Amino acid sequence: MSELYIYNSYTRQKEKFEPITPGHVGLYVCGPTVSGESHLGHARPYVTFDVVNRYLQHLGYKVRYVRNITDAGHFEEEGREAEDKVGKKALLEKLEPMELVHKYTSLFHWAMNRFNCIEPSIEPTATGHIIEQISMIEDIIAKGYAYEVNGSVYFDVKKYAASHDYGKLSGRVLDDLLETTRQLDGQDEKRDKADFALWKKAAPEHIMRWKSPWGVGFPGWHIECSAMSSKYLGERFDIHGGGMDLQFPHHESEIAQSTIAHGCAPVNYWMHNNMITINGKKMGKSYNNVIKLTELFSGDHPILEQAYHPMVIRFNILQSHYRSTLDFSNESLQASEKALKRLWEAYEALKGLTAPTGQEAGDAALDQKIRQAVAECADFMNDDLNTAKVLANLFDLAPVINSMKGGIIGTDAISAETFSLLSNAFKVYLEDIMGLQALQQANDEKLEAVMELVIQMRKEARNRKDFEASDKIRNMLASAGIMLKDEKGGEMSYTIQ
RNA sequence: GGUACCGUGGCCGAGAGGUUAGGCAGAGCUCUGCAAAAGCUUGUACAGCGGUUCGAAUCCGUUCGGUACCUCCA
């Protein structure tokens with residue numbers, strides 16, 4: 001079996017994954033800022049890294065998955081007044097900041113749940129780690145890489161860059177950063193344009209504020225991840241994930257802070273997912289093209305032609321590689337919906353098949369083909385999580401399964417062992433690793449009993465060639481959203497729309 | 001302006017120096033009381049122009065187009 005290789009943004013190449021502590025993996029992913037509702041763009045990293053988490057566990061690693069909640073709120077835009085993002089919105093909505101934070105955190109959890117994302121092992125909040133952040137800042141000041149001005153503390157990037165590889169992660173050259181023509185406010189406080197805030201003095205109207213050695217203020221955005229990741233995963237840990245847009249300045253700053261504070265680079269493997277675009281443009285507030293997750297699930301948005309099930313979105317995300325941009329469209333999602341249904345029905349059919357008992361395959365070529373397709377899935381996952389290819393292979397197997405179900409191919413065409421490999425592959429890849437679920441949740445027993453009765457009645461009608469009655473049953477069910485299908489051999493199955 | 005990345009058949013989307021990705025849609029056939037599924041068959045794709053090579057969609061150069069980051073951002 002092949003070994004896991006992941007693309008490390010830091011070195012810009014695929015590298016063999018080797019954990020720091022054998023058998024264990026420390027995984028940190030930048031979580032959401034809970035000052036507003038999550039949108040489609042947010043779905044991508046959390047689904048992507050859910051699969052990373054699931055896959056590592058599948059490989060037998062014990063994973064500590066830490067994903068933060070940014071609830072402290074940092075400055076809106078440096079070009080304007082430094083203001084607390086969370087605090088500002090709260091005033092508009094006449095809510096307490098923590099009330100707002102609570103609301104959007106709950107909504108985020110609800111959405112993650114709908115996406116069938118496994119909960120992180122630890123979900124630390126920025127407001128819950130002010131002390132850790134302050135002490136880390138103190139440490140950086142003590143080491144001479146940060147300075148205080150008027151109650152704010154800035155990281156001295158130039159000094160850091162003199163002896164460290166600043167900009168390597170994001171492929172940036174410090175001189176270029178210094179040349180940026182952008183005129184930013186509050187720059188006069190900084191010694192250098194490239195410096196970033198570790199702690200900001202709070203303006204009087206700033207709601208979220210904490211006491212610190214430098215006066216009342218709030219932490220800079222980047223410091224929270226450094227403080228919390230080192231607290232829970234150690235000063236050096238295995239994987240840090242997040243969206244590509246966080247590479248600079250967020251992750252670059254994290255590296256600089258942590259390197260000074262802890263004397264070593266914080267992360268072995270940096271993983272970044274690409275953006276979701278809509279009509280070719282990144283989805284984001286500033287582009288005014290945001291589709292919230294609640295809108296996506298309900299279909300309540302001018303762009304949306306219909307509601308999309310969370311699993312359809314998850315599947316759609318998994319059909320592309322996480323490092324490629326993914327363009328949203330109704331057409332694409334609708335195609336995914338049909339595809340997922342088809343694949344899932346094949347999976348259900350597979351579960352219903354009677355396993356062959358023979359050691360020998362009736363059709364050696366087919367048997368070999370299945371074994372190869374299944375074996376390749378592991379290689380695809382190991383090749384930087386290529387879920388798209390895994391799905392393609394499973395799709396290749398769907399006709400085989402459907403043919404077995406329809407009796408076109410006997411199950412004895414393949415050996416008992418191959419059948420078991422096949423069954424296992426569908427379960428492991430679809431459910432365990434990709435975290436997919438049936439579009440329709442398990443029906444309740446009473447409905448099932450009623451359906452059994454209806455099916456029985458329709459069978460009887462068909463047996464006496466009373467097609468008027470049998471069609472009526474099917475049509476009425478259809479208008480109630482239940483699709484009845486006649487299977488080969490007189491059996492019937494149904495799906496709920 | 002700086003720095004990256006991308007441009008694949010009607011649409012989405014993998015791949016990557018020589019062999020069908022896959023999905024959706026379309027066409028034909030089979031099965032079926034009908035329907036829906038399902039099965040089989042089918043598709044002269046890799047932005048343009050040069051170059052390297054026995055061979056390039058895949059490497060190099062260049063042109064055009066697009067995107068992202070440089071500022072909060074998943």
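We did not get these values from a lab; they are worked out from the coordinates using the rules stated. Everything numeric here is computed off the predicted structure, so don't read it as measured data. Cβ coordinates were reconstructed from backbone atoms using ideal geometry, including for glycine residues, and neighbour counts include every protein chain displayed.
Quick one: Debye curve from the alpha-carbon atoms of the range A:330-433 only, equal weights, vacuum; give me log10 I(q)/I(0) at q = 0.24 Å⁻¹ to two decimals.
-1.35
A:E15's amide H: which non-local residues (gap 5+, or another chain) put their own amide H closer than 5 Å, with H modeled 1.01 Å from N in plane and none for Pro or chain starts?
Amide H to amide H, under 5 Å and 5 or more residues apart or across chains, A:E15 pairs with A:I6, A:Y7, A:N8.
Note down, for chain A, the three equivalent ellipsoid semi-axes (square root of 5 times each alpha carbon gyration tensor eigenvalue), biggest first, whole angstrom.
51, 27, 18
Could you give the length gained by full extension between A:N424 and A:N402, i.e. 0.36 nm per residue of separation minus their alpha carbon distance, to one decimal place?
Full extension from A:N424 to A:N402 adds 6.3 nm.
Using each residue's phi in the range A:466-475, evaluate 6.51 cos²θ - 1.76 cosθ + 1.60 at θ = phi - 60° and report the 3J(HN,Hα) Karplus result to the nearest Hz, with x for Gly and Pro.
Result, rounded to whole Hz: 8, 6, 5, 5, 5, 5, 5, 4, 5, 5.
Once each part is reduced to its C-alpha centroid, what is the distance from the range A:279-315 to the range A:443-462 in angstrom?
Cα centres, the range A:279-315 to the range A:443-462: 37 Å.
Just the number, please: percent antiparallel of the DSSP beta bridges in chain A, rounded to the nearest 5.
Of the beta bridges lying entirely in chain A, close to 50 percent run antiparallel.
Mind checking the full-extension length gain between A:E18 and A:H164? Use 0.36 nm per residue of separation minus the Cα-Cα distance, one decimal, nm.
50.1 nm
How high is the FRET efficiency between A:K211 and A:S329 when r is their beta carbon distance and R₀ equals 41 Å, given to the nearest 0.05?
The pair A:K211/A:S329 has a calculated efficiency of 0.25.
Out of residues 5 or more away from A:M492 or on other chains, whose amide H comes under 5 Å of its own, with H placed 1.01 Å from N in the peptide plane?
A:E487
If only Cα atoms are counted, what is the Rg of the range A:445-496, and what is its Dmax, in Å?
Cα only, the range A:445-496: 10.4, 30 Å (Rg, Dmax).
Once each part is reduced to its C-alpha centroid, what is the distance from the range A:373-428 to the range A:1-34 in angstrom?
Computed from Cα coordinates, the inter-centre distance equals 27 Å.
Under 5 Å between amide H atoms, partner at least 5 residues away or on a different chain: which partners does A:H24 have, H built in plane at 1.01 Å?
For A:H24, the qualifying residues are A:K62.
Run the dipole for chain A about the Cα centre, Lys and Arg Cβ at +1, Asp and Glu Cβ at -1, nothing else charged, and hand back the magnitude in debye, nearest 20.
420
Which ³J(HN,Hα) values, rounded to whole Hz and listed in residue order, are derived for the range A:117-126 from phi using the Karplus coefficients 6.51, -1.76 and 1.60 in 6.51 cos²θ - 1.76 cosθ + 1.60 with θ = phi - 60°, glycine and proline given as x?
7, 5, 5, x, 5, 9, 10, x, 9, 5
For the range A:16-22, take each phi angle, set θ = phi - 60°, evaluate the Karplus expression 6.51 cos²θ - 1.76 cosθ + 1.60, and give the result in whole Hz per residue in order, putting x for glycine and proline.
Karplus values, whole Hz, x for Gly and Pro: 5, 7, 9, x, 5, 10, x.
What do you get for the angle between helix A:130-142 and the principal long axis of chain A? Use alpha-carbon atoms, 0 to 90 degrees, nearest ten.
The helix A:130-142 is inclined about 50 degrees to chain A.
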